[in-house]
Amino acid sequence: MGSRGDLLVQIAQYFATHGSEYVHAVVQHVAITLAATGAAAVVAVPAGIACSRFPRVRGFVTGVFSTLRIIPSLAVLFLCISLIGVGEAPAILALALLAAPPLLINTTLGFSRVPGAVLETATGMGMGVARIFFTVKVPLAAPLIIAGLKTALVEVIASATLAAYIGAGGLGTIIFTGLGLLRSDLLMIGGVSVAGLSLVVSALISWTEKRLLPWEA
Amino acid sequence: MMDVLTPVSPALEFHHVTKRFPDAGYNAVDDVSLSIDEGELVTLVGTSGSGKTTLLKMVNRLYEPTAGQIVLRGHDIMAADPVQLRRGIGYVIQQVGLFPHMTVAENIAVVPKLLKWDSARTGARIDELLQLVQLDSAEFARRYPAELSGGQQQRVGLARALAVDPALMLLDEPFGAIDAITRDGLQNELLRIHAAHRRTYLFVTHDIREAFKLGTRVLIMHGGRVQQFATPDEIAAAPANEFVVELLASAGTSVGPSGEASVETSGGMSAGTSVGTSTGDDVRG
Ligand SMILES: Nc1ncnc2c1ncn2[C@@H]1O[C@H](COP(=O)(O)OP(=O)(O)O)[C@@H](O)[C@H]1O
Ligand SMILES: [Mg+2]
């Protein structure tokens, strides 16, 4: 496999010859991640709001999603393949299923933790239902929703590596190639890139959080 | 919106108002009839569960009466749009309920914004109100509620409720969670503010001393019913029934119109003073 020096040379060579391929893999990885997390949010956030409002829905929905959470992502992926075949769509579906639980649970918590006294005075001051929702409930639930989003994104970024396995591309392609050819340079590039992406996204969200939520000391 | 500046006497009337909560076997408020004049500061006192909060919340329609009628400045409140009605009524509760994601200034600006005040007028009013509740505007206007003490939060709650100079203020144990010394200061400020503007206040407390110190008249409730509604002097001189006697006894011997409360107020705030004689309608939004 060669020494550490060889490894660095190999890595440099890879970027020199496969630079555009690498960029493509990163872009694909990000695109799959955003599509899956976005799809999950579209379903899970409204479902979470419904859960916080109706206790009966809450029992059922959180039950379903908690169960979903126990199933390993690889198993979900295989299930998706057997149902809708290979390619990008089943990968995004599987990853969306993975992203949904943290989003749903945190949205539910966020909305149910808005203090009753705040809602009472908001109503008492003459704010309408829609105004209370958008200017009071949403901002006060936002910190937890954003925390859920962060968890979801980090999980999806890591698991999206598996998407390459079913032909959806992304950084997993580099890793699987590395495994197939026993090339530690490729494994290193893929692994570090996935970890780096995760860190960058976390940092971006933390930064947005501070901008968006100045009252959260 | 209801015309809140035309003086109509009485300010607030209850006609056989009853409230029974769903599935309850008793009336939380039971056939209450009374009339409150413009500019009065009525304190509502009674044991826990006597229906004080329920009575108060029917006025701004957070609760709907089961029977009876509430008339605010000549208008049946059930005929008004509840959201519009509430914008003309100040509301303060024990837990304050400040918006944690808004600064002190933004909290105070909520109702002015709802009423589409321009920013210059709102800004001037914020400064004026912070001064009124004795908070330094430069120091506090941009703070978030989490950066305030309990007493300061309640001052902001009061300022927020007073923002558009509502004709009626509803206060539900506003100083209930505040230490004795701070509470005493806040009580005196409330008296000063009330004396200066002569709006109608309905103030709930479970503390008979506070009720006697603040009230131009005191409304004593028990089991959802009015036990006595009179000036502190009248109640002290002639308690209406056994319950009132017990309530007075529970507060010790020194219950009565409080002298120190009126020291710094111009209009003469000792209990029993006739209302409506003040000329101090100087501050308006
Ligand atoms: N939202 C509610 N639902 C059902 N019962 C209530 C509700 N609010 C108050 N009650 C009942 O009505 C009665 C009066 O309560 P409340 O007005 O809160 O009393 P107070 O403010 O004098 O302590 C109590 O018996 C209480 O249990
Ligand atoms: Mg109460």
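The values are calculated or read from the model by the stated rules, or taken from the named source; none is laboratory data. From a predicted model like this one, the values you see are computed outputs, not experimental measurements. All Cβ positions, even for glycine, are placed from backbone atoms using ideal geometry, and neighbour counts span all protein chains on display. For accessibility, only protein heavy atoms count, side chains too; no ligands or nucleic acids. Shrake-Rupley method; radii C 1.70, N 1.55, O 1.52, S 1.80 Å.
Listing for the model above:
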| item | result |
| --- | --- |
| Sole exception among (1) more than 16 Å from ligand 2 (Cβ to nearest atom); (2) at the interface with another protein chain (Cβ under 10 Å from one of its Cβ atoms); (3) open to solvent by less than 10 Å² (accessible area, probe 1.4 Å) for B:Leu115, by number | (3) |
| Residue in the stretch B:198-206 that is in a loop (DSSP other than H, G, I, E, B), at pLDDT below 95, open to solvent by 40 Å² or more (accessible area, probe 1.4 Å) and within 16 Å of ligand 2 (Cβ to nearest atom) present | yes |
| Selection from the stretch B:73-86 of residues that are surrounded by 19 or more Cβ atoms within 10 Å (Cβ to Cβ) and either within 11 Å of chain A (Cβ to nearest Cβ) or assigned to a loop (DSSP other than H, G, I, E, B) (or both) | B:Arg73, B:Leu85, B:Arg86 |
| Single residue of the stretch A:53-86 satisfying the filter (part of a loop (DSSP other than H, G, I, E, B) and among the hydrophobic types (A, V, I, L, M, F, W, C)) that is farthest from A:Gly148 (Cα to Cα) | A:Val86 |
| Residue match in the stretch B:24-40 (condition: in a loop (DSSP other than H, G, I, E, B), open to solvent by 10 Å² or more (accessible area, probe 1.4 Å), touching a helix residue (DSSP H, G or I) at 6+ places or on another chain (Cβ under 7 Å) and away from ligand 1 (no atom under 16 Å from the Cβ)) | no |
| Contacts under 7 angstrom Cβ, first residue in the stretch A:12-40 being open to solvent by 40 Å² or more (accessible area, probe 1.4 Å), partner hydroxyl-bearing (Ser, Thr, Tyr), 6 or more apart | A:Phe15/A:Tyr22 |
| Positions within the stretch B:6-17 being modelled with pLDDT of 95 or more and surrounded by fewer than 17 Cβ atoms within 10 Å (Cβ to Cβ), in sequence order | B:His15, B:His16 |
| In the stretch A:98-121, residue farthest from the other protein chains (Cβ to nearest Cβ) [restricted to those that are surrounded by 22 or more Cβ atoms within 10 Å (Cβ to Cβ) and of a type in the set (A, V, I, L, M)] | A:Leu98 |
| Failed item in (1) within 16 Å of ligand 2 (Cβ to nearest atom); (2) open to solvent by less than 40 Å² (accessible area, probe 1.4 Å), with B:Arg61 passing the rest | (1) |
| Residue that is touching a helix residue (DSSP H, G or I) at 6+ places or on another chain (Cβ under 7 Å) and crowded, with 19+ Cβ neighbours inside 10 Å, where the choices are A:Thr151, A:Thr161, A:Thr177 | A:Thr161 |
| Residue pairs meeting the criteria (Cβ under 9 Å; at least 6 apart or on separate chains; first closer than 16 Å to B:Phe175 by Cα, in the stretch B:43-54; second more than 6 Å from ligand 1 (Cβ to nearest atom) and basic (Lys, Arg)) | B:Thr43/B:Lys213; B:Thr43/B:Arg217 |
| Hey, B:Arg192 away from chain A (no Cβ under 14 Å) and either modelled with pLDDT of 95 or more or within 16 Å of ligand 2 (Cβ to nearest atom) (or both) or not | yes |
| Positions within the stretch B:43-65 being closer than 19 Å to B:Leu85 by Cβ and either more than 14 Å from chain A (Cβ to nearest Cβ) or within 12 Å of ligand 1 (Cβ to nearest atom) (or both), in sequence order | B:Thr53, B:Thr54, B:Leu55, B:Leu56, B:Lys57, B:Met58, B:Leu62, B:Tyr63, B:Glu64, B:Pro65 |
| Some residue of the stretch B:168-180 being more than 23 Å from B:Leu72 (Cβ to Cβ), more than 13 Å from the chain's Cα centre (by Cα), more than 14 Å from chain A (Cβ to nearest Cβ) and surrounded by fewer than 18 Cβ atoms within 10 Å (Cβ to Cβ) | yes |
| Residue within the stretch A:117-127 that is out of contact with any helix residue (DSSP H, G or I) (no Cβ under 6 Å at 6 or more places or on another chain), more than 14 Å from A:His29 (Cβ to Cβ) and of a type in the set (Ser, Thr, Tyr) present | yes |
| Selected residue (only one of B:Ile70, B:Ile93 is at pLDDT 95 or above, more than 10 Å from chain A (Cβ to nearest Cβ), within 28 Å of B:Leu12 (Cβ to Cβ) and within 17 Å of the chain's Cα centre (by Cα)) | B:Ile70 |
| Qualifying helices (runs of 4 or more DSSP H) (wholly inside the stretch A:118-217; at least 2 residues being of a type in the set (A, V, I, L, M), modelled with pLDDT of 95 or more and closer than 26 Å to B:Pro145 by Cβ) | A:129-132, A:138-159 |
| Filter result for A:Gly148 (without any contact (Cβ under 8 Å) to a residue 24 or more places away in the chain and more than 14 Å from chain B (Cβ to nearest Cβ)) | no |
